[in-house]
Amino acid sequence: MTDQPILVIGATGKTGSRVATKLEANGLPVRHGARRSETPFDWEDPTTWEPVLRGVSKAYVTYFPDLAFPGAIEKLEAFAMAAVESGLKQMVLLSGRGEHFASMGEEVIRNSGLGFTIVRSAWFAQNFSEGYLRDPILGGVLPMPGGNIAEPIIDIDDIADVVVAALTEEGHLGERYEVTGPRLMTFAEMAAALSTTLGRTIRHVPITFEDFHANVAASGDTFVADVFTAIARETLDGRNAHTTDGVERALGRKPRDFAEFAQTAMAAGAWSTAA
């Protein structure tokens, strides 16, 4: 065990919060990298980068809101240079499966001179319980584009376990773990699984990408909707309709099934109106 903290960039996000919690549960010191952390971090303010990097040798990095946003790749490259100068030895980067800009981000880290591990992720199951689809599900619908395209949706806790292993165990440097759930599911099948777990009907509503854009814009802004719709168009075209062995290679076990995610989320009150 070391007194040197592990840096978690995006420590308040879906994956970062879980990674930080799991590291701390193992008795490891964590430096939380977020705007309101004790040592603040902001991708838009490079003056915050050196202080969070100071005195750490390992880091988990997610780019918020997404590597597809304009300027993200340039910022990641500049941050990687600052990390090299600070003496960082290993960076674990969260990447998106089938995304052009995410692949560009991976190459930035591969060519940075840092020791690295890439975690390239499928679509998050927790988008249903913590993200923008929670409210529609409370209303009994799952509105998604993509038709009958199947996705090997993954439980974020599996992602966090892979990241923690990469940061704390030998043998993960230089690896790219493409992580998915154990089976392909259409959105209609996901809605059926949620219906079984919640004990009430959740109906998949096929929508156009234009409708998807309007829904995202209504809950955020048009610029965010533009980027997220572009990602949806790119990735919900069948390119990701296969499973991989990334979780098993990293952890020696199979990933959690969507049904297990749904049961765990429901038990935790994810779809309670008071949540």
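No lab work stands behind these numbers, since they all come straight from the coordinates. This one's a predicted model, so the numbers in the text were calculated from it and none came from an experiment. Backbone-built Cβ (ideal geometry, glycine too); neighbour counts: all protein chains shown.
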To make sure I understand, if each residue's beta carbon is the centre and we count other beta carbons within 10 Å, what order do Ile149, Ile118, Ile154 fall in, fewest to most? Ile149, Ile118, Ile154
What is the helix-to-structure angle for 258-267, meaning the angle in degrees between its Cα long axis and the longest Cα principal axis of the chain, kept from 0 to 90 and rounded to the nearest 10? 90
At what distance in angstrom do the alpha carbon centres of region 220-275 and region 1-71 lie from each other? 22
Region 59-185 - share of DSSP beta bridges that are antiparallel (%, nearest 5): 5
Within region 128-150, the residues whose backbone N lies under 20 Å from a label point placed 7 Å from the Cα of Thr201 along the Cα-to-Cβ direction are 135-144
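Run the dipole for the chain about the Cα centre, Lys and Arg Cβ at +1, Asp and Glu Cβ at -1, nothing else charged, and hand back the magnitude in debye, nearest 20.
On the way: 24 positive and 36 negative charges, 108 e Å.
Taking the Cα centre of the chain as origin, the dipole is about 520 debye.
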I need the P(r) histogram for region 1-94: all alpha carbon pairs, bin width 10 Å from 0 out to the longest distance, whole percents. 17, 55, 25, 2
What is the chain by shape, rounded, prolate or oblate, if you read a ≥ b ≥ c off the alpha carbon gyration tensor as root eigenvalues and call it rounded for a/c under 1.5, prolate for a/b larger than b/c, and oblate otherwise? prolate
